[in-house]
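For reference, the structure is listed below as structure tokens.
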Amino acid sequence: MPPNNTPLIGVLAVQGAFAEHRQMLAKLGVNTFEIRQLKDLDREFDGLILPGGESTVQGKLLRDLGLFSPLQERIQNGLPTFGTCAGLILLAEKLSNDKNTYFGTLPVTVERNAYGRQLGSFYTEENVEGIGKIPMTFIRAPQVESVRDGVKILAKVKGQIVAVQYQKQLAISFHPELSSDLSMHQYFLNQIVGKH
């Protein structure tokens, strides 16, 4: 980590809302870089963001580009990782309505597109433990159906789990990068620099 204690964050940039995450972190004064191919993993970095988008497309591209196994290994070995929407699906150990799984490092069961067409996209404000009330934008969002031992539930909406933490993995159903509120990204950074 640089001497000024500012972490370097890799943002998976094969598909989805990676640019918006980089903009949020830039507002917090944090350097980021895009992970698009295997050689991008040659550098040392302190955290990983898995953005929203299409999880099936991202999962396929991760394998096709040779990124899947090295990233999975780093997450398993404790690399701080923040998954939003599709990123939650990539991290989940089990998907209740899909035979596929991806990294499988987060001991939760997730339902894809949990809110159906009528609630396919919606906005609300709810409390996140350790942060307070923040805006939440949901777009064809997954939800966490159940958690295993060691998983901390950080937020619920309408009784459904939408934010969890397990060791150094933070995963949420909504899109914090689509609001001007920097709280979720700051929370993730605090995990890296040891403020929590």
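Every read-out reported here was derived from the displayed coordinates using simple, explicitly stated rules and does not represent laboratory data. What you are looking at is a predicted structure, and each value in this text was computed from that prediction instead of being measured. No Cβ is skipped: glycine too gets one built from the backbone with ideal geometry, and neighbour counts run over all protein chains shown.
Take every DSSP beta bridge with both residues inside segment 8-193 and express the antiparallel ones as a percent of the total, to the nearest 5.
Numbers: 22 of 40 bridges.
Taking every DSSP beta bridge with both residues in segment 8-193, the antiparallel ones total about 55 percent.
Could you put E54, E93, E125 in order, starting from the residue whose Cβ has the fewest other Cβ atoms within 10 Å?
On the way: E54 15, E93 18, E125 11.
Ranking E54, E93, E125 by Cβ neighbours within 10 Å, fewest first, gives E125, E54, E93.
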GNM, the chain, Cα, under 10 Å: largest mean-square fluctuation among R63, R22, R112?
R63
With each run of n ≥ 4 DSSP H residues scored as -39500 (n - 2.57), what mean residue ellipticity at 222 nm is computed for the chain after dividing by its residue count and rounding to the nearest 500 deg cm²/dmol?
-6500 deg cm²/dmol
Using a 10 angstrom cutoff on alpha carbons, build the Gaussian network for the chain and name the most mobile of L62, L79, L38.
L38
At q = 0.08 Å⁻¹, what log₁₀ I(q)/I(0) does the chain have when each alpha carbon counts as one equal point scatterer in the Debye sum?
-0.22
Fewest first, what order do L154, L106, L50, L8 take by the number of other Cβ atoms within 10 Å?
L8, L154, L106, L50
Residue-count net charge about M136 - beta-carbon cut-off 13 Å; Lys, Arg +1, Asp, Glu -1:
-1
Can you list the lysines whose alpha carbon sits under 25 Å from that of K94, skipping same-chain ones fewer than 8 residues off?
K60, K152, K156, K158, K168
The local net charge around V57, scoring Lys/Arg +1 and Asp/Glu -1 for residues other than V57 whose Cβ lies under 15 Å from its Cβ, equals +2
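When R74, R43 are ordered from fewest to most other Cβ atoms inside 10 Å of their Cβ, what list results? Walk me through the intermediate numbers first.
Details: R74 17, R43 10.
Ranked by crowding around the Cβ, least crowded first: R43, R74.
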Tell me the net charge near I9. Cut-off is 14 Å between Cβ atoms, I9 excluded, with +1 for each Lys or Arg and -1 for each Asp or Glu.
-1
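Is the shape of segment 67-144 rounded, prolate or oblate, going by the alpha carbon gyration tensor and its root eigenvalues a ≥ b ≥ c, with a/c under 1.5 for rounded and a/b larger than b/c for prolate? Before the final figure, lay out the partial values.
Values: a/c = 2.52, a/b = 1.37, b/c = 1.83.
Oblate.
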